[in-house]
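No value in this document is a laboratory result; all are computed from the given coordinates. These numbers were taken from a predicted model, which means no experiment stands behind them. When we count neighbours, we look across all protein chains shown, and the Cβ atoms used for this are built from the backbone with ideal geometry, even at glycine.
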Amino acid sequence: VLKDLNEYKYECRHGLGYTTISSEYSGITTKATYFVPLGENLEVWMLEVKFEPKKGALGVKSRDLSLFSFVEFCLWDALNDMTDYQYNLNIGQTEVKDNIIYHLSRYRVSQDLVGYFGCANAAAKGFETQRRDFMGNYGDWSAPRAVVEGKMNNSLALGWSPVGSQMFNFKLKAGETKIFIFVLGFTEDIKEPPVKVKKFADPAVIDKELKKLADYWEDNLNKMSVQSEDPELDLMVNTWNQYQCLTTFNWSRSASYYESGIGRGMGFRDSNQDTLGFVHMIPDKVKERIIDLAANQFEDGSAYHQYSPLSKKGNGSGYGDDHLWLTVSVPAYVKETGDIRFLEQEVPFVGGENGTIYEHLARAINFSITHLGPHGLPKIYFADWNDCLNLTYDKEKAESVMIAQMVVSGARELARLAELINKKDDIKKFNEIADEMVKKINKVAWDGSWYMRAFDEDEEPLGSSKCKEGQIYLETQAWGVLSGTAEKDQALKCMDSVHKYLWTKHGVMLMAPPYSKFIPKYGSICVYPPGLKENGAIFCHPNPWAMIAECMIGRGDIAYEYYKAIQPAAQNDTVELYKTEPYVYCQMIAGKAHKDFGEGKNSWLTGSACWNFVAVSQWILGIRPDYKGLLIDPCIPKAWKGFQVKRIFRGSTYYITVRNPEGVSKGVKSVTMDNRRLSGNLIPPDKTTANEHHVEVIMG
């Protein structure tokens with residue numbers, strides 16, 4: 001405060017479940033570590049302060065210092081906190097007892113809301129619990145009154161803005177370090193805070209808790225690791241991409257820097273996709289999540305758009321695609337675990353009727369094929385995956401080509417699942433559903449060089465060369481290949497069109513050209529300025545679909561080019577432009593039509609995390625779970641000589657070495673496991689489990 005910041009040095013490091021902030025000023029170095037111990041509803045702050053006199057500072061043997069902690073409490077109602085000031089600025093209440101600040105706002109009404117903050121290993125000289133007493137009149141963080149004056153008023157908040165702040169005076173000798181430990185927590189038992197604060201008073205306990213945290217992440221992230229010719233790829237696959245996948249699985253799209261946590265719960269579409277990047281880590285939790293999701297499906301096969309993680313009750317409906325994402329998550333779970341019996345587990349529909357998981361999937365397909373528009377394609381209703389294509393109004397005639405392609409993909413998976421549980425009639429039925437939908441799509445939605453995106457209420461196409469704007473969309477090109485809708489020549493043509501019209505140095509744009517003005521019948525996609533969000537941004541969520549599609553047609557160099565363009569770790573050299581964390585995926589990057597082309601936006605909670613992990617691990621590296629084993633099918637840059645992967649699959653550990661002596665992108669010449677050559681590129685599951693296997697793969 002009020003010092004020359006040119007002499008101030010600082011560093012912030014984010015790790016797995018913790019953050020450290022280090023600083024250095026005038027011979028004083030500090031290191032603050034922040035983390036949430038496993039199994040606790042509290043956060044620990046450990047601050048280490050050291051005096052290291054600069055060389056030449058003769059005679060300076062000690063320093064007298066003051067330390068100020070600070071936390072600003074919420075008032076337990078996120079919406080009211082932001083809107084109803086005449087009320088919430090009068091309910092704040094605090095107490096201070098035995099070196100702990102208690103936040104008791106609303107405690108008179110709801111005695112299960114107790115916040116607390118205090119230093120666990122040092123007695124405070126003074127405190128503040130009213131924000132204005134700490135900051136002073138017209139004060140701010142540049143010069144808080146308490147710090148400038150070096151004293152506390154010992155204020156108790158009764159109304160206004162409750163905070164927690166403590167002051168400590170101490171002396172440090174040259175070379176001496178002092179540690180302060182703070183605990184910030186929430187409890188439903190007002191007797192608990194002293195116990196919790198005391199528990200973390202010893203730095204040795206903090207070290208043990210940090211070790212537990214490190215072991216937790218090591219255990220979760222060791223299911224798959226890679227050593228390739230790209231260190232940035234290794235960093236993302238081994239650590240940060242999986243870390244983000246777990247975070248996104250837990251939070252869906254509910255609360256982050258960009259979501260308030262008020263209006264959104266666990267998205268049905270979102271959560272089904274989030275399982276894809278997490279199922280290899282803790283499959284039992286994925287199973288639980290799928291059961292919760294299936295329980296929010298209606299008897300007709302459609303689904304709620306989201307549900308509350310606490311009550312498990314859903315809300316919002318009318319999207320044309322939500323229900324179909326079950327046909328993506330369930331097969332992924334079964335392929336990872338081999339748990340075929342899960343298909344026979346009964347889960348209630350909304351309304352009370354029970355059905356097996358398999359029946360839930362079958363009804364999802366049935367809903368889409370019985371709600372068709374004029375061209376014989378599934379109706380889009382409020383929207384499909386692209387939330388901003390709001391094409392349905394009075395006529396309810398708008399159709400989605402992407403949903404049609406999802407029906408093809410889902411029906412093919414149902415046919416394979418039917419084979420696993422010996423439902424022979426269903427094998428034929430679902431393959432026929434897929435075949436019929438493929439014919440319709442290729443008849444009415446193939447535009448010559450790419451697939452159209454949708455048909456509006458007036459039966460006019462979006463994503464057609466005949467359109468002035470919005471001529472081509474990414475989703476239907478990628479899903480045309482993923483679903484098997486596109487024949488070989490169509491697959492090459494539509495992906496060539498993606499590269500020609502949508503590819504940029506910062507990634508693949510969602511569509512082009514963007515809409516320059518508002519077109520009411522197209523919905524909210526036209527609300528955004530050209531180059532942002534769904535209106536022509538580089539959406540990082542469907543970019544992996546393009547990577548997978550390129551792998552399916554054998555073009556590993558293009559798939560890798562797409563992967564690197566949006567890979568967070570590859571953005572370090574352009575951070576001034578990218579402006580987003582270089583270790584987690586963001587939702588989108590500003591597109592070519594925008595003045596900030598290349599700037600990342602909306603990081604952390606995004607389907608970009610799971611799909612990028614699937615694309616790189618299962619398709620570029622090609623280590624892909626299947627119903628009958630682990631498929632080895634790499635599609636890599638031709639220049640790569642090979643790579644190594646450790647993969648834990650159904651209880652056994654596989655050490656896989658891939659060699660590429662002929663410089664190909666795709667193709668497996670041989671697979672040898674434990675010195676025994678396999679007949680194909682599918683590794684059968686080890687029924688004994690807990691074994692280690694060494695696999696050598698020769699591409700060619």
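The residue list Phe70, Gln111, Gln86 was ranked by how far each Cα lies along the charge dipole of segment 5-217 toward its positive end, using unit charges on Cβ atoms, and Phe70 comes out on top.
With R₀ set to 22 Å, the beta-carbon distance separating Asp4 from Lys55 gives a calculated FRET efficiency near 0.70.
Students often check this: by mean Cβ neighbours within 10 Å, which of 377-384, 167-174, 362-369 ranks highest, and how do the rest follow?
Top of the packing list down: 377-384, 362-369, 167-174.
Scoring 189-195, 461-467, 266-272 by mean Cβ neighbours within 10 Å over their residues and listing the highest first yields 266-272, 461-467, 189-195.
Applying 1/(1 + (r/R0)^6) with r as the Cβ-Cβ distance of Lys125 and Glu229 and R0 = 56 angstrom yields a FRET efficiency of 0.45. Each Lys and Arg Cβ is given +1 and each Asp and Glu Cβ -1; about its Cα centre, segment 5-217 then shows a dipole of about 900 debye.
Given the convex hull over the Cα atoms of segment 189-268, what projected area results after averaging over all orientations, in nm²? Over all viewing directions, segment 189-268 projects a mean Cα-hull area of 9.1 nm².
Candidates Ile648, Met699, Met673 compared by Cα position along the dipole of segment 624-699: farthest toward the positive end lies Met699, with charges placed on Cβ.
The Cys residues in the chain with no partner Cys Cβ within less than 4.7 Å of their Cβ are Cys12, Cys74, Cys119, Cys245, Cys388, Cys467, Cys494, Cys526, Cys540, Cys586, Cys610. Sequence-distant contacts, meaning Cα pairs under 8 Å at least 6 residues apart, place the relative contact order of the chain at 9 percent.
Simple spin-label estimate for Leu89 and Asp394 gives 4.8 nm between the two label positions (7 Å along the Cα-to-Cβ direction from each Cα).
The helix-based estimate of mean residue ellipticity at 222 nm for the chain, built from -39,500 (n - 2.57) per DSSP H run of four or more residues and divided by its residue count, is -8500 deg cm²/dmol to the nearest 500.
Shape verdict for segment 624-699, please, from the Cα gyration tensor: rounded (a/c under 1.5), prolate (a/b greater than b/c) or oblate.
Prolate.
For Met82, put the label point 7 Å out on the Cα→Cβ axis and report which residues of segment 259-298 keep their amide N under 14 Å from it. Of the residues in segment 259-298, 259-265 have backbone N under 14 Å from the label point off Met82. Distant-in-sequence amide contacts of Ser105, defined by a placed amide H-H separation under 5 Å and a gap of 5 or more residues or a different chain, comprise Gln93. The order of the peptides 563-575, 400-412 by mean Cβ neighbours within 10 Å, most packed first, is 400-412, 563-575. The label point for Lys488 and the one for Asp112, both projected 7 Å from the Cα toward the Cβ, are 6.3 nm apart. Here the calculated FRET efficiency for Glu40 and Glu149, from their Cβ-Cβ distance with R0 = 35 Å, stands at 0.50, rounded to the nearest 0.05. Using 0.36 nm per residue and subtracting the Cα-Cα separation, the extra length available between Ala639 and Cys74 on full extension is 198.0 nm. Computed from Cα atoms, the angle from the helix 424-444 axis to the main principal axis of the chain rounds to 90 degrees. Each Lys and Arg contributes +1 and each Asp and Glu -1, all at the Cβ; summed about the Cα centre of the chain, the dipole is approximately 1380 debye. Extending 7 Å from the Cα toward the beta-carbon at both Lys521 and Asp496 defines two label points whose distance is 3.3 nm.
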